[in-house]
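First the structure, in the form of structure tokens, and then the observations on it.
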Amino acid sequence: MALHLSWVFVFGILGNAVSFMVSLAPLPTFYQIFKKKTSEGFQSIPYVVSLFSAMLWIYYALLKKDAIFLITINTFCVFIQTFYIVTYFYYGPKKEKIVTVKLMLLFNVFGFGVIFLATYFLKNPSLRLLILGYICMAFALAVFVAPLAIVRKVIKTKSVEYMPFTLSVFLTLGAVMWFFYGLCLKDMNVAVPNILGFIFGVLQMILYAVYKNHPKKTVEESDPKLQLSDHPVVVVDVAKLGSNVNAIIPNSTNSNNGGNNGGRTEGNAFSKV
């Protein structure tokens, strides 16, 4: 029993440490936004979804009562994602501010409110935790599938411009830590999504090794159908799962240096469990 608890502690601490660093990955993007005094060219949805994910996992961990490390990392994520959203909102054009408010109402007010009301008042605590766990796991799996858009883009363009190797390594390490944390707790809602996260993380590192020295090729040159439109491809991060959803690709119409830096910084973040 003591050995079991010690491994839970070890993987919980390591998972928190890795997820903490991944959660800070968007900072260079927001530094560019601060310098340009505008968030035009970036989207708020990754941060709104990250906040929603963190809220879900805190709720789940509080009901479970023995998942303190899920609470610590996701509490930090609530604060950091709120900071990102407030900063984005402050510097965003009026149209994007309206979109951000609508997203917040959809995910963080209506979405979370419906899940809370549908589960909290169930008389059977075990059933409540079971249903909420399935919701969290389904959301986490959906988030981990998001990087497929980036994988396809890398293969088509033969460029790893939007898939930083260091971030891929940390995301993979995070998936490993949270998988073993969930395994030690015998909580498959935490462990299972991170299997997929690990697979996609390894796949991204393999693609990086294959294409890192390949001559850059634009999306338009490789496949006109993949041209970036006014609607950027969004890649989300769960720590997570809770900790996070944090990656965006800037609009092609805003291909200035600041926008490109933001895209490269967060090109493949997932969420953390």
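The values are calculated or read from the model by the stated rules, or taken from the named source; none is laboratory data. Nothing here was measured: the structure is a model prediction, and the numbers come from that model. No Cβ is skipped: glycine too gets one built from the backbone with ideal geometry, and neighbour counts run over all protein chains shown. Side chains included, ligands, DNA and RNA excluded: accessible areas come from the protein's heavy atoms. Shrake-Rupley method; radii C 1.70, N 1.55, O 1.52, S 1.80 Å.
The set of residues in region 139-149 being open to solvent by 20 Å² or more (accessible area, probe 1.4 Å) and either closer than 14 Å to GLY201 by Cβ or in contact (Cβ under 8 Å) with a residue 24 or more places away in the chain (or both) consists of PHE139, LEU141, VAL145, ALA146, LEU148, ALA149. Restricting VAL176, VAL143 to residues that are closer than 28 Å to LEU129 by Cα, in a helix (DSSP H, G or I), hydrophobic (A, V, I, L, M, F, W, C) and in contact with a strand residue (DSSP E or B) (Cβ under 6 Å, 6 or more places away or on another chain) narrows the list to VAL143.
If I ask for residues that are open to solvent by 10 Å² or more (accessible area, probe 1.4 Å) and within 21 Å of VAL109 (Cβ to Cβ), which ones from region 23-48 would you list? Result: GLN43, ILE45. Looking at PHE79, PHE89, PHE110, PHE83, just one residue is under 21 Å from ALA54 (Cβ atoms), in contact with a helix residue (DSSP H, G or I) (Cβ under 8 Å, 6 or more places away or on another chain), part of a helix (DSSP H, G or I) and open to solvent by 40 Å² or more (accessible area, probe 1.4 Å), and that residue is PHE89. Of the candidates ARG152, ARG128, the single residue that is of a type outside the set (A, V, I, L, M), farther than 22 Å from ILE58 by Cα and either modelled with pLDDT of 95 or more or surrounded by fewer than 19 Cβ atoms within 10 Å (Cβ to Cβ) (or both) is ARG152. For region 49-76, the tally of residues that are open to solvent by 20 Å² or more (accessible area, probe 1.4 Å), in contact (Cβ under 8 Å) with a residue 24 or more places away in the chain and not in a helix (DSSP H, G or I) stands at 1.
I'm trying to understand the selection: among the residues of region 163-186, which are surrounded by fewer than 23 Cβ atoms within 10 Å (Cβ to Cβ) and more than 23 Å from VAL8 (Cα to Cα)? The answer is PRO164, PHE165, THR166. Among the residues of region 93-109, is there at least one that is over 14 Å from TYR47 (Cα atoms) and either of a type in the set (Ser, Thr, Tyr) or in contact with a Leu (Cβ under 6 Å, 6 or more places away or on another chain) (or both)? No, there is no match, as no residue in region 93-109 is over 14 Å from TYR47 (Cα atoms) and either of a type in the set (Ser, Thr, Tyr) or in contact with a Leu (Cβ under 6 Å, 6 or more places away or on another chain) (or both).
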